[in-house]
Amino acid sequence: MWTAVLVAGVGCYLLKLTGLSLPERVLSHATVERVADLIPVALLAALVAVQVGSSGTALTLDARALGLGFALVGLLLRLPFLVVVVGAAVVAALGRLV
Amino acid sequence: MTEAALTPSERSAIIRDSLAVGVATGAYGIGFGAVSVASGLSVAQTCVLSLVMFTGASQFALAGVVAAGGAPLSGAATALLLGTRNTLYGLRMGPLLRWRGWRRAAAAHVLIDESTAMSVTRQTTEAVRLGFVTTGVSVFVLWNLATAAGALAGGAVGDPRAYGLDAAVGAAFLALLWPRLKDHRNILVAGLAAALALSLVPVAAPGVPVLAAGGVALVVGVLAKGPDPTEIPGPDDVAGGHH
């Protein structure tokens, strides 16, 4: 685990430094920019799905989905980040009580 | 860029806005600390992630993959892929900040969503630097303090599922994704990536579905044509940013 923590940590710093150090024209390659823009979208969407809809190698539907539903409503209502995240936790916890 | 000096009121307005974002963003380091410990990382590993990696989405991703039973190194790979976003920010911020040597190396550490959002739209180099440094440093300090507090508290409260912390992670990812769901191409990519990841869950090792979903970005990015909607976050896209 320490290896992963340190490799990813130092790697993320180097990714930042690389961006600040490269000439801006690298971005002018349209395909590079499109892919770079889309990677976070794809990864975050996949993380949401896997985090909420699976346990290990099984697909699951449980109180986490209730929490995500709250988060969706909260984001539509433009609630602050912390309210969305904490609210989702509270809703899921309440869902497990009933 | 014009280079007129900032007036004292312009300076204090930039500092005030940046600190507000720093406080709002830093505070949810509590959530990361608690989630990370609940995912199986130690308090020390959790704190090192916030100190060294210092980019929230990647940190949550590493913890999330590990929590789902994935190998630590697939968590690291996911974190690194998400970290490429900061490279993109750096390409935009480099010519605006115009720093060399140790200043550039130090600035790179606080190159994140929020510091970019709070400086990329400023009009002068001085204003860009002030917004960038004030936001970056305040987020860094508060994020690390909050991480430590959350990690220590999280370790003390027992089963994190009883408090819905596992649901909080999904909500955090959705909130991070939200500002990017403004155009059809991104919504399509998000939908495809989520569907692909879920379909791979039963057949692939934990951690692999998320990495594979990154391939959707590659395929759509290479095949797509037409102008690119910019993804650099603006001040309205970050916690506490209302100006």
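The values are calculated or read from the model by the stated rules, or taken from the named source; none is laboratory data. Source: prediction; values computed, not measured. When we count neighbours, we look across all protein chains shown, and the Cβ atoms used for this are built from the backbone with ideal geometry, even at glycine.
Name the residues in segment B:212-234 that are crowded, with 21+ Cβ neighbours inside 10 Å and either assigned to a helix (DSSP H, G or I) or modelled with pLDDT of 85 or more (or both), would you?
The answer is B:Ala213, B:Gly214, B:Val216, B:Ala217, B:Gly221.
Tell me yes or no: at least one residue of segment A:58-66 is closer than 23 Å to B:Thr25 by Cβ, facing chain B (nearest Cβ under 7 Å) and crowded, with 22+ Cβ neighbours inside 10 Å.
No, segment A:58-66 contains no residue that is closer than 23 Å to B:Thr25 by Cβ, facing chain B (nearest Cβ under 7 Å) and crowded, with 22+ Cβ neighbours inside 10 Å.
Just checking, how many residues over segment B:63-83 are more than 27 Å from B:Val133 (Cβ to Cβ), within 7 Å of chain A (Cβ to nearest Cβ) and buried (at least 24 other Cβ atoms within 10 Å of the Cβ)? Full working, then the answer.
Here is the first cut: in segment B:63-83, the residues more than 27 Å from B:Val133 (Cβ to Cβ) are B:63-78, B:81.
Going one step further and asking which of them are within 7 Å of chain A (Cβ to nearest Cβ), we end up with B:64, B:68-69, B:72-73, B:75-76, B:78, B:81.
Restricting the remaining residues to those that are buried (at least 24 other Cβ atoms within 10 Å of the Cβ) gives B:64, B:68, B:75-76, B:78.
Number satisfying all stated conditions: 5.
From A:Val26, A:Val50, A:Val84, A:Val35, grab the single residue that is facing chain B (nearest Cβ under 7 Å) and touching a residue at least 12 places away in the same chain (Cβ under 8 Å).
A:Val84
With in the same structural domain as B:Ala67 (by TED's automatic domain parsing), modelled with pLDDT of 85 or more, part of a helix (DSSP H, G or I) and surrounded by 20 or more Cβ atoms within 10 Å (Cβ to Cβ) as the only criterion, which of B:Gly150, B:Gly154 stands out?
B:Gly150 is the lone residue from the list that is in the same structural domain as B:Ala67 (by TED's automatic domain parsing), modelled with pLDDT of 85 or more, part of a helix (DSSP H, G or I) and surrounded by 20 or more Cβ atoms within 10 Å (Cβ to Cβ).
Quick one: which of B:Asn86, B:Asn144 is polar (S, T, N, Q) and surrounded by fewer than 20 Cβ atoms within 10 Å (Cβ to Cβ)?
B:Asn144
Condition test on B:Leu49, is it surrounded by 21 or more Cβ atoms within 10 Å (Cβ to Cβ), at the interface with chain A (Cβ under 8 Å from one of its Cβ atoms) and under 30 Å from B:Glu10 (Cβ atoms)?
no
Yes or no, residue by residue, for (1) in a helix (DSSP H, G or I); (2) farther than 18 Å from B:Tyr163 by Cβ:
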site	(1), (2)
A:Ala45	yes, yes
A:Leu61	no, yes
A:Phe70	yes, no
A:Val73	yes, yes
A:Leu82	yes, no
A:Gly87	yes, no
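Give B:Ala76, B:Ala63 a once-over and let me know the one that is part of a helix (DSSP H, G or I), free of Cβ contacts under 8 Å to residues at least 40 places away in the same chain, over 19 Å from B:Leu111 (Cβ atoms) and not β-branched (Val, Ile, Thr). Steps first, answer last, please.
Working: B:Ala63 fails: free of Cβ contacts under 8 Å to residues at least 40 places away in the same chain.
Just a single option satisfies the conditions, and that option is B:Ala76.
Here are some residues: B:Gly83, B:Gly69. Which one is touching a residue at least 12 places away in the same chain (Cβ under 8 Å) and outside any helix (DSSP H, G or I)?
The match here is B:Gly69.
For residues that are under 13 Å from the mean Cα position of the chain (by Cα), more than 7 Å from chain A (Cβ to nearest Cβ) and assigned to a loop (DSSP other than H, G, I, E, B), tally how many sit in segment B:86-113.
The total comes to 2.
Can you find a residue that is within 19 Å of the chain's Cα centre (by Cα), within 7 Å of chain A (Cβ to nearest Cβ), more than 30 Å from B:Ala151 (Cα to Cα) and buried (at least 22 other Cβ atoms within 10 Å of the Cβ) anywhere in segment B:114-136?
Checking segment B:114-136: not a single residue is within 19 Å of the chain's Cα centre (by Cα), within 7 Å of chain A (Cβ to nearest Cβ), more than 30 Å from B:Ala151 (Cα to Cα) and buried (at least 22 other Cβ atoms within 10 Å of the Cβ).
Determine which single condition A:Ser55 fails, assuming it passes every other condition in (1) at pLDDT below 90; (2) within 26 Å of A:Val91 (Cβ to Cβ); (3) at the interface with chain B (Cβ under 7 Å from one of its Cβ atoms).
So the condition that A:Ser55 fails would be (3).
It is to be established whether one or more residues within segment B:159-180 are within 11 Å of another protein chain (Cβ to nearest Cβ) and part of a loop (DSSP other than H, G, I, E, B).
Yes; the residues of segment B:159-180 include at least one that is within 11 Å of another protein chain (Cβ to nearest Cβ) and part of a loop (DSSP other than H, G, I, E, B).
I'm checking my understanding of the structure. Among residues of segment B:6-21 that are in contact with a Gly (Cβ under 8 Å, 6 or more places away or on another chain) and farther than 27 Å from A:Ala42 by Cβ, which one is farthest from the other protein chains (Cβ to nearest Cβ)?
In this case the residue turns out to be B:Ile14.
What's the total number of residues in segment B:137-180 that are without any contact (Cβ under 8 Å) to a residue 40 or more places away in the chain and farther than 18 Å from A:Gly67 by Cβ?
Matching residues across segment B:137-180 total 2.
In segment B:63-79, what count of residues is obtained for those that are at pLDDT 90 or above and in contact with a Leu (Cβ under 7 Å, 6 or more places away or on another chain)?
8
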